[in-house]
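Novice: Once you've had a glance at the structure underneath, I'll fire off some questions.
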Amino acid sequence: MSKRRVIATGVGVLALAGALILPFESDRETGYRDVVGVATAGAGHTGADVEVGQRYDLDRRQAWFDDDRREALATVDRCTPGLPEKARAAFTSFTFNVGGRAYCASTLARKANAGDLRGACAELSRWTYAGGRELPGLVRRRAAERKLCEESLTAAVGKFAYSRLKPAPNLASTSPPKKSAIERPAYVLARPSAVPNRDRSYRPARGAEPVRSGRLVDSRPRRASGRR
């Protein structure tokens with residue numbers, strides 16, 4: 001595959017992952033502690049650069065979101081190389097949420113590397129606990145990730161070829177958004193959810209349920225500019 005094709009494919013995966021991530025991450029201008037006590041800001045960004053009570057502008061939050069997606073995808077490609085595009089996007093969303101260390105050490109990654117892509121997709125439904133309790137937002141998120149992942153089964157190639165498998169139903173909520181929604185969105189979620197973020201304590205659960213996608217809206221009032 002040419003370098004140009006690789007870059008184009010990566011951009012497509014990031015767009016698909018972004019459309020899957022945003023409905024489940026609450027964009028917050030001000031740093032806060034999430035349900036398990038981790039300092040968080042923007043669309044689920046965590047780290048030493050987040051301070052509780054500090055306000056961050058849209059440019060900073062957008063940069064965090066772009067960087068965090070790219071980091072998650074790089075982790076997926078490093079620990080489970082050769083995945084089909086939709087599986088990469090689904091696992092990028094998952095890694096964005098649970099962290100690269102948890103992803104690479106998971107049964108999900110081991111199954112993917114053994115060629116059991118169907119089993120790897122099914123593992124997503126087990127990661128719905130945080131802080132000692134099951135969270136409805138995680139149940140819905142894992143259902144969406146699993147559905148997207150399973151759409152890649154008949155399109156898989158190489159060691160992931162499953163010619164006898166039936167395709168999963170299409171997931172309308174994971175269609176890539178327009179270019180502007182990925183590169184420069186004013187991404188305030190219409191239906192925010194307190195979903196824990198990367199490098200948290202998770203426990204597997206038994207099942208999942210269908211997802212209803214959120215709609216991105218700009219709820220912040222705009223000020224008139226004096227510039228011409």
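The values are calculated or read from the model by the stated rules, or taken from the named source; none is laboratory data. Keep in mind it's a predicted model, so treat the numbers as computed, not measured. So basically every Cβ, Gly included, is an ideal-geometry build from the backbone, and we count neighbours across all protein chains shown.
Novice: Given the structure, is Ser152 hydroxyl-bearing (Ser, Thr, Tyr), modelled with pLDDT of 50 or more, buried (at least 18 other Cβ atoms within 10 Å of the Cβ) and part of a helix (DSSP H, G or I)?
Specialist: Details: hydroxyl-bearing (Ser, Thr, Tyr): yes; modelled with pLDDT of 50 or more: yes; buried (at least 18 other Cβ atoms within 10 Å of the Cβ): yes; part of a helix (DSSP H, G or I): no.
No.
Novice: Under the condition of being among the charged types (D, E, K, R) and closer than 16 Å to Lys111 by Cα, which residue from region 75-100 is surrounded by the fewest Cβ atoms within 10 Å (Cβ to Cβ)? Break it down into steps so the answer makes sense when it comes.
Specialist: Our first condition is that a residue be among the charged types (D, E, K, R); within region 75-100, this holds for 77-78, 85-86, 88.
Still in the list and also closer than 16 Å to Lys111 by Cα: 77-78, 88.
Numbers: Asp77: 16, Arg78: 11, Arg88: 25.
This residue is Arg78.
Novice: Please list, ordered by first then second residue, the pairs with beta carbon atoms under 6 Å, 6 or more apart or interchain, first in region 128-150 and free of Cβ contacts under 8 Å to residues at least 40 places away in the same chain, second crowded, with 19+ Cβ neighbours inside 10 Å.
Specialist: Glu150/Cys121
Results for (1) outside any helix (DSSP H, G or I); (2) under 20 Å from Ala19 (Cα atoms); (3) aromatic (Phe, Trp, Tyr), shown as yes or no for each residue.
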| residue | (1), (2), (3) |
| --- | --- |
| Arg60 | no, yes, no |
| Phe65 | no, yes, yes |
| Ala74 | no, yes, no |
| Arg110 | no, no, no |
| Ala122 | no, no, no |
| Gly137 | no, yes, no |
| Arg146 | no, yes, no |
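Novice: Inspect all residues belonging to region 86-96 and state whether any of them is over 11 Å from the mean Cα position of the chain (by Cα) and of a type outside the set (A, V, I, L, M, F, W, C). Before you say what the answer is, go through the steps one by one.
Specialist: Of all residues in region 86-96, those over 11 Å from the mean Cα position of the chain (by Cα) come to 86-87.
Within this subset, residues satisfying the condition of being of a type outside the set (A, V, I, L, M, F, W, C) are 86.
So far as region 86-96 goes, yes, one or more of its residues are over 11 Å from the mean Cα position of the chain (by Cα) and of a type outside the set (A, V, I, L, M, F, W, C).
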